[in-house]
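The values are calculated or read from the model by the stated rules, or taken from the named source; none is laboratory data. What you see is a predicted model, and the numbers here were worked out from it, not measured in a lab. Positions of Cβ are generated from backbone atoms using ideal geometry, with glycine treated the same way; all protein chains shown enter the neighbour counts. In case anyone asks, the SASA skips ligands and DNA or RNA and just uses the protein heavy atoms, side chains included. Shrake-Rupley method; radii C 1.70, N 1.55, O 1.52, S 1.80 Å.
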Amino acid sequence: MERLECDRMFVAVLEAGSFSRAATRLGTSSGQASKLVSRLEADLGVQLLKRTTRALSPTEIGRAYYERIKAVLEEFDALDASVRSASGLAAGRIKLSVPLSFGTMHLAPAFVAFAKLYPDIQLDVGFTDRVVSLVDEGFDMAIRIGNPSDSSLIARKLCETRIVAAATPAYLAEHGEPLHPGELARHECIIDTNFSDPLSWRFQADGTTLQVTIRGRLQFSNGEASFKAAEAGLGIACGPSFLAGEALRAGRLKPVLRRFEDRPLGAYALYPPGRHLAAKIRVLVDFLAERYRGKPPWEQGWA
């Protein structure tokens, strides 16, 4: 299997652009990554990579070898997955990408519970709001909030999260509770610059979308920070209910404009299509779907 390890490292180095990034991807050291590629070159008797102090680039034969060996490795992995799936064996490493806030607040406890149930599966979880390329960056799957935009991936809906506007009872007692989205113009709103249009909040009225311009002196590029500011009595925040559920359940925040809420967002498990879905991926997706079946925990006790 050493030759297979060398081939995988060569592909990873060429795709990542450096030994260190490839080593991180495959869970080893940059020194070991360099040794594996050098061993492959010695075995083949050709130079596959041109190395300089600043960059790596494939030789002409290296590029041709990469294109052929990548296809071979993909076919090998598909065969491996089909055999494991047929045997029902859930084992191996899963590299997945999850959103930062949703991942740390809600998915991390789920992964801990999953790891206890499946000791033969290794989880490599990246927490980021950047939309990663599953195939190009070597991810097995991703969890994303919002309607899937990449039609090349298989999407399985896990649950929904509502879009909630909320403030403290004390703020609403002092400034009045808005009864229509248009009344937000006279309120201090906490702006989340992660929104595609941060100064405009969306609501629904009788099936019609309302775009309401808001104002506020506080701007955060983080939904958690926005709701924390609302908990401090500094205004009205708006965002996914998975961020505000605990504060709403405890009464620290009160939802407003509930009959005008925008359409909920879906949370989806995404993975590349293939003839066979590896058992390790299937059991993780099934586990998450069962965990979030029905009303998700962040909407219990107040919604």
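With R₀ fixed at 25 Å, the C-beta to C-beta distance from Lys50 to Glu5 puts the FRET efficiency at about 0.65. Using the empirical formula 2.2 N^0.38 Å as the baseline, the Cα radius of gyration of segment 152-263 reaches a ratio of 1.05. Largest GNM mean-square fluctuation among Leu26, Leu234, Leu134, using the chain with Cα springs under 10 Å: Leu26.
Report the antiparallel proportion of the DSSP beta bridges in the chain as a percent, rounded to a multiple of 5. That works out to approximately 70 percent antiparallel. Given +1 at the Cβ of Lys and Arg, -1 at the Cβ of Asp and Glu and no other charges, the dipole of segment 121-264 around its Cα centre is 440 debye to the nearest 20.
Please report, as a whole percent, how much of the solvent-accessible surface of the chain comes from carbon and sulfur atoms (probe radius 1.4 Å). For the chain, the apolar C and S fraction of the accessible surface comes to 52 percent. Once you've got the GNM for the chain with C-alpha springs shorter than 10 Å, pick whichever of Arg249, Arg63, Arg291 has the biggest mean-square fluctuation. In the Gaussian network model the winner is Arg63. Report the local net charge at Phe220: Lys and Arg +1, Asp and Glu -1, summed over other residues whose C-beta lies under 9 Å from its C-beta. Here the count lands on -1. Net length available on complete extension from His175 to Thr59 is 34.9 nm, with 0.36 nm assigned per residue and the Cα-Cα distance removed.
When the Debye formula is applied to the Cα atoms of the chain, each taken as the same point scatterer, what base-10 log of I(q)/I(0) results at q = 0.06, 0.11, 0.15 Å⁻¹? One equal scatterer on each Cα of the chain leads to -0.29, -0.79, -1.12. Note on the chain: GNM, Cα springs under 10 Å; of Ala16, Ala33, Ala42, the largest mean-square fluctuation is that of Ala42.
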